[in-house]
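The values are calculated or read from the model by the stated rules, or taken from the named source; none is laboratory data. Source: prediction; values computed, not measured. Heads up, the Cβs are rebuilt from the backbone with ideal geometry, glycines too, and the neighbour counts pull from every protein chain shown.
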Amino acid sequence: MPSCDVALIHAPSVYDFRERAIFPGPISEVVPSLYVFDMYPIGFLTLTSFLEERGFRVIILNLASKMLVDKNFNVPRFLKKINAEIYGIDLHWLVHAHGSIEIARMIKNLHPNSYIALGGISSSYFWAEIMKNYPFIDFILRGDSTEHPFASLVERVAKGVDDFSGIPNLVWREDHRVRVNPLTYVPESLDYVSPSYDFMLKQILRTKDLALSTPFASFLKNPITAVLTAKGCVFNCIGCGGSRSFYSNFLRRRCLALKSPERIGEEVESIAEKLKAPIFILADIRLGGRDRAEKIIRELRTLDVGNDLMFEFFFPVDRSLLNQLSRLGDNIYIQISPETQVERARFAYGRPYRNKTLEKMIANSTRSGIKRLDLYFMTGLPFQTIDDAAGIAKYFEHLLNENDAAGKLEAFTAPLAPFIDPGSVAFENPEKFGYNVYYRTFSEHRNALLEPHWKYILNYSTKWMNRGEIVEASLRAAERLAEVKQKYGIIDKETLIAVKERTSFSRESLALIEGAMKRGEDRHSVINSLRDRIIELMEEREFVLKRELYPKIGLISSLRPIGVIKGLVRILL
Ligand code: SF4
C-alpha cells in the first residue's frame, strides 16, 4: 500500500477480541456496529475531506471491520506496510479504551519515527491520564471539531517543524514535558467542512479492500449513511457525554454548532447521488429552532432524493411538523427515546415530558403517513426497578392497540451500557442522581472492558438496582418486548428465538462465572470453553436482532451507477 501523510485508524473496542472470551451481551444491539464497535466516527470522513482538499494524502483503515470480516487478518503484519507521517486513532467512544491504545502501542513499535495522535470525546476528557501513562501517544487533539488544528499539525510535521505551540486544542510532548495548548478552536457553524462521499470512493480505490474502507463491517449487507446536523445539545440527560454540561465543561462549547439547511441538503444530495441507502439525519433538527427545522424539511423536499430518510427527535414532535415530514415522501422514519413508561424515571433522567404528550405524538404520527415511529427504551434509570423495565412491553402493547399501529410503531430496549459517560452529570455527581460509579479512571474503564461478562463491564449501579438487577431487568425487558413484537407480527419466530438464546446465555454464563468467583477460581477460564458459542451469539445472532433497526437494502442494490461513475471521474481528474 502506498505511503500517505495521515493514516486514520479505527480499532476494535478490545484489540485482541478474537483471542479472548468476553460476553458483552446487548451493549451494541441498537446500533449498526457489532460488539467490537466497528463503525468509525463520522469525523473520519470530514477530517479526510478537509485534509485532502488541502493537498494531503489520507487513508482510512477500519481495522475493527476488517478483523471481524477476516478472522485470519494479521494486524501487525498489515500495519508494518502502512507508512504514514501521522497515525490518527479515534478514541471517541470510551468502549475503545483498550483497542485504540493497543493499536497505538503497536504502531509506535512498528514505526518509531512517526507520530501517533488521538482524538475524540473520550480522549478529550481523559487526556491527562492518557499522556501520563502511555508515552507512545504523541498528541491528543481535544474538542468536538479538530479539522483546522489537525491540518496545522499535519502541515508542521510535513515541514519537519517540531514546535507545536500555537496549534489550538493540541496536547503534545516537548522533551519530557506534556504541553497543553488552550482549547480555543470551537466553531459555531459546521458549514466549514462536509464529509465527501467521493473521498469514500477514493478510499476504496486506495485500499482495494471493502472491509478496510467501509464505515462498518455490515455496510455491505445493509448500508446506512448519516448527515450530522449539529454538535452540542440543549438537554442534560444525566448519563450522556453529549449533553449541554459535558460540552460546556469539557469541550468549552458555549453554544450549539449548527449546519445550515443548505449544507445539509448538499450532503444528502451527495449521498443520494451514489447510494439509495437510508440516510439518518443526526441530531434533532429543532435544536436550532423551529424555523431552521422547517427550512431543513423544505430543503429536503426540493431535493426529493427518494432514499429512506430517518430523523431522531429529543422530545415529542407536534402534528404540524409531523405533517411537514410526511410530505417528504412515503419513506420517512422517525425516532424518539422516551426511555421508560414511568414518568418519574424519565423526568429524573432528563427527558421532561409526560406520557400524554408522547402518546399524542404517536397518534399523530400513525395518522400522518410517517412510515414508522421507533421508540427507544432503556434500563438503568433513576427510580427504575426490574418490574418497571419488564413493564416496557406492556406499555408498548397498549400503544399498539390504542393506535392500531402494528407496522407503524416499533420499540427497542437496551441497557444504559456499558458506561454512564465520564463527564456526564451522573458520572460527575453520582450520589445526587442515585448512582454508584465503580470505575472513575481511564485505566479502570480499560480493564473493565476485559471482564468476561457485561455485568462487570457496567461502570455503575443505581440506588434502585444493583448491577445484577440491571442485567436481569434488561434481559426481562428484551424478552417481554420480543414476545409482544412477535405476537403482533413485528418480528418473526426466528428473531424471538435469537433474543431468547442470547438472554438465556447471558444468565447461564453469569452463573458459571460467579460460581467460579465464589470458589476462588479464575473467572476468565470458565468462559474460555464457550468462545465459539459467544462468537455465534454476538455475530450471527446479532445480525438477526438488528434486522428491524433500519430499512434494509444491500450495497449492490443500493448503488446508483451513474452517480458512482460521476464521483469516480471527479476524484480521478
Ligand atoms: S441523550 Fe439527551 S443530552 Fe444526550 S444528546 Fe440526546 S437529548 Fe442531548
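Laid out as a table, the results:
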quantity: Residues (under 21 Å from Arg560 (Cβ atoms) and within 16 Å of the ligand (Cβ to nearest atom)) located in the stretch 240-286; calculated: Phe280, Ile281
quantity: Leading residue by the ranking (farthest from Arg354 (Cα to Cα)) among those in the stretch 295-332 that are surrounded by fewer than 18 Cβ atoms within 10 Å (Cβ to Cβ) and charged (D, E, K, R); calculated: Asp304
quantity: Strands (runs of 3 or more DSSP E) completely within the stretch 380-497 that count 1 or more residues being at pLDDT 95 or above and farther than 30 Å from Tyr125 by Cα; calculated: 409-415
quantity: Residue that is nearest to Ser270 (Cα to Cα), among those in the stretch 295-339 that are within 16 Å of the ligand (Cβ to nearest atom) and among the aromatic types (Phe, Trp, Tyr); calculated: Phe311
quantity: Any pair with Cβ under 6 angstrom, 6 or more apart, that starts in the stretch 406-422 at a residue that is outside the structural domain of Gly25 (by TED's automatic domain parsing) and ends at one that is among the aliphatic types (A, V, I, L, M) and in a strand (DSSP E or B); calculated: Leu409/Leu373; Ala411/Leu375; Leu416/Met378
quantity: Residue list for the stretch 540-571, filter: among the polar types (S, T, N, Q) and buried (at least 17 other Cβ atoms within 10 Å of the Cβ); calculated: Ser558
quantity: Selection status of Ser189, at pLDDT 95 or above, surrounded by fewer than 17 Cβ atoms within 10 Å (Cβ to Cβ), within 16 Å of the ligand (Cβ to nearest atom) and not assigned by TED's automatic domain parsing to the domain that holds Phe164; calculated: no
quantity: Among the candidates Ser100, Ser152, Ser145, Ser123, residue that is surrounded by fewer than 19 Cβ atoms within 10 Å (Cβ to Cβ) and in contact (Cβ under 8 Å) with a residue 12 or more places away in the chain; calculated: Ser152
quantity: Residue check for Asn74: free of Cβ contacts under 8 Å to residues at least 24 places away in the same chain and in the same structural domain as Arg156 (by TED's automatic domain parsing); calculated: yes
quantity: Among residues of the stretch 35-72, those that are part of a loop (DSSP other than H, G, I, E, B), closer than 23 Å to Asp144 by Cβ and not β-branched (Val, Ile, Thr), counted; calculated: 7
quantity: Some residue of the stretch 143-158 being of a type in the set (A, V, I, L, M, F, W, C) and within 25 Å of the chain's Cα centre (by Cα); calculated: yes
quantity: Candidate set: the stretch 375-405, residues that are among the hydrophobic types (A, V, I, L, M, F, W, C) and more than 19 Å from Met465 (Cβ to Cβ); chosen: the one surrounded by the most Cβ atoms within 10 Å (Cβ to Cβ); calculated: Phe396
quantity: Residue count for the stretch 340-374, restricted to those that are in a strand (DSSP E or B) and buried (at least 22 other Cβ atoms within 10 Å of the Cβ); calculated: 1
quantity: The one condition in (1) away from the ligand (no atom under 15 Å from the Cβ); (2) crowded, with 23+ Cβ neighbours inside 10 Å that Thr229 fails to fulfil; calculated: (1)
quantity: Any hit, the stretch 205-225, residues being within 16 Å of the ligand (Cβ to nearest atom), surrounded by fewer than 23 Cβ atoms within 10 Å (Cβ to Cβ) and outside the structural domain of Ile264 (by TED's automatic domain parsing); calculated: no
